[in-house]
Amino acid sequence: PSLEATLTDIISCVDKMEQWIAGLLNFARPMQINAQPGELGGIAYAIYEFTEPSARSKGARLEFHPCAQKVPVLVDEALLEQAVYAIVSNAIDAVPTGGVVAISVGGPAGPTQSWATVVITDNGPGIPDDMLPNVFKPFVTGKEGGSGLGLAQANKIIELHLGAIQIESKIGYGTKVVVKLPLSKE
């Protein structure tokens, strides 16, 4: 890519990081969302593009699996990106060299379902059973030097969107995180 395109990408990434850091610093304050109509696949793909270089530099593979159709959601895009980024970043940190992290976007499974999903899976070491119930609590971390705020903040953001996060993990096999968000009526 050209120097101008590279600089534009760097500025965009710095702007996103600035928003996320501000969000982390405001963790204890009441948070407000500015929900706008959006498309979940595009939001998730932006996170994929942003995190793929760090996965590659670690020697891991990051995959993106879009939904076959557009998935309309009503979200605060910056906050949702922050939440999903925290989950994807944790997954990348967890996998060994040669590991795989996948981001998959799903729409409603049937005409009566009103949920969209972003599923993040990894083939890392898994989360110990005794730690699993506490992963969304502030300052709980399994990472050396971690703050324990990433997943707590992600959970808070998803709950503000009237969604939910579910985690399944098995030692030696990896972790699956399902972010459920209500579909937009628009």
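Residue count for the range 148-186 satisfying the condition of being within 12 Å of the chain's Cα centre (by Cα) and either part of a loop (DSSP other than H, G, I, E, B) or among the basic types (Lys, Arg) (or both): 2.
Considering the range 104-128, and only residues there that are touching a helix residue (DSSP H, G or I) at 6+ places or on another chain (Cβ under 6 Å) and at pLDDT 95 or above, the residue that is nearest to Arg61 (Cα to Cα) turns out to be Asp122.
A single entry from Val140, Val101 fulfils the requirement of being closer than 21 Å to Thr175 by Cα, among the aliphatic types (A, V, I, L, M), in contact with a Leu (Cβ under 9 Å, 6 or more places away or on another chain) and modelled with pLDDT under 90: Val140. I'd like to know if the range 125-132 contains one or more residues that are free of Cβ contacts under 8 Å to residues at least 12 places away in the same chain and either outside any helix (DSSP H, G or I) or of a type in the set (Ser, Thr, Tyr) (or both). Yes, the range 125-132 has at least one match.
The values are calculated or read from the model by the stated rules, or taken from the named source; none is laboratory data. None of these values were measured; they are calculated from a predicted model. Backbone-built Cβ (ideal geometry, glycine too); neighbour counts: all protein chains shown.
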